[in-house]
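For reference, the structure discussed in these notes is given below.
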């Protein structure tokens with residue numbers, strides 16, 4: 001348990017690194033996620049779901065029919081290839097108090113060196129499990145559903161509410177978004193991502209915001225991640 005807690009704390013700081021113009025990494029200091037277990041759910045909504053779990057209009061490529069069992073349980077350790085298939089998966093409706101944590105690993109030793117990528121999740125998250133991954137761990141998360149490799153939909157959403165990870169072309173549309181009134185102690189963070197592998201090389205751009213934030217999400221972006229920010233509203 002202590003080792004798992006260390007991994008979660010380490011991950012919170014890792015995912016709040018900001019790439020500066022000079023290419024250096026700046027670690028934002030703030031309160032980390034809680035370090036104990038949480039809620040386990042095995043179903044996801046069939047609607048387009050925002051990061052805080054609320055349904056919105058539009059078609060979602062990863063949507064499942066109500067009552068269908070999740071492809072991966074929200075808590076457990078799974079062997080890639082036998083227990084779970086490689087692919088991209090989505091979990092939605094995770095509350096901050098649930099302490100959802102996932103991990104891709106290159107072995108089952110359980111040591112930090114085995115970790116390929118990991119994340120603490122509030123709201124929604126996507127993760128791509130590769131064929132050469134050995135282990136996928138999930139703790140305290142809602143169930144994971146497998147989604148198509150490419151986004152397919154016509155999202156009508158013009159705002160992003162709540163923490164989470166949104167798929168471009170399925171959950172939200174490309175465009176310029178604005179978030180206002182972010183306080184310095186709110187730890188507002190956004191990220192444009194190229195994929196759902198969650199490595200440093202996956203980050204196209206990111207920023208920590210105080211006050212007003214503006215970001216242009218391009219059609220070439222795969223995902224948009226936001227944490228601790230006021231609502232993002234599409235302006236163009």
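I want to check the label-to-label distance for residue 159 and residue 68. Put each point 7 Å from Cα in the C-beta direction and report it in nm to one decimal.
That separation, rounded to one decimal, is 3.0 nm.
Measuring from a point 7 Å past the Cα of residue 231 along Cα-to-C-beta, which residues in segment 165-188 have an amide N at less than 15 Å?
Hits in segment 165-188 for residue 231 at 15 Å: 177-182.
Give me the number: length gained by fully extending residue 152 to residue 77, i.e. 0.36 nm times residue separation minus the C-alpha to C-alpha distance, one decimal in nm.
Result for the pair: 24.0 nm of gain on full extension.
Rounded to the nearest whole Å³, what is the per residue volume of the convex hull around the Cα atoms of segment 117-179? If you can, show how the numbers build up before the last one.
Details: hull volume 7.8 nm³, N = 63.
Spread over its residues, the Cα hull of segment 117-179 gives 124 Å³ apiece.
Based on the Cβ-Cβ distance of residue 113 and residue 85, what FRET efficiency does E = 1/(1 + (r/R0)^6) give at R0 = 22 Å, to the nearest 0.05? Don't skip to the end; give the middle numbers.
On the way: r = 25 Å, r/R0 = 1.16.
Efficiency computed from Cβ-Cβ geometry: 0.30.
Order the peptides 122-129, 198-205 from the highest to the lowest mean number of other Cβ atoms within 10 Å of their residues.
Order by mean packing, descending: 122-129, 198-205.
Give me D for segment 159-234 in µm² s⁻¹, whole number, from Stokes-Einstein with Rh from the Kirkwood sum over alpha-carbon pairs, 37 °C and 0.692 mPa s.
269 µm²/s
The numbers here are math on the coordinates, done by the rules we state, and not lab data. Keep in mind it's a predicted model, so treat the numbers as computed, not measured. Note that we place each Cβ from the backbone using ideal geometry, even for glycine, and neighbour counts take in every protein chain shown.
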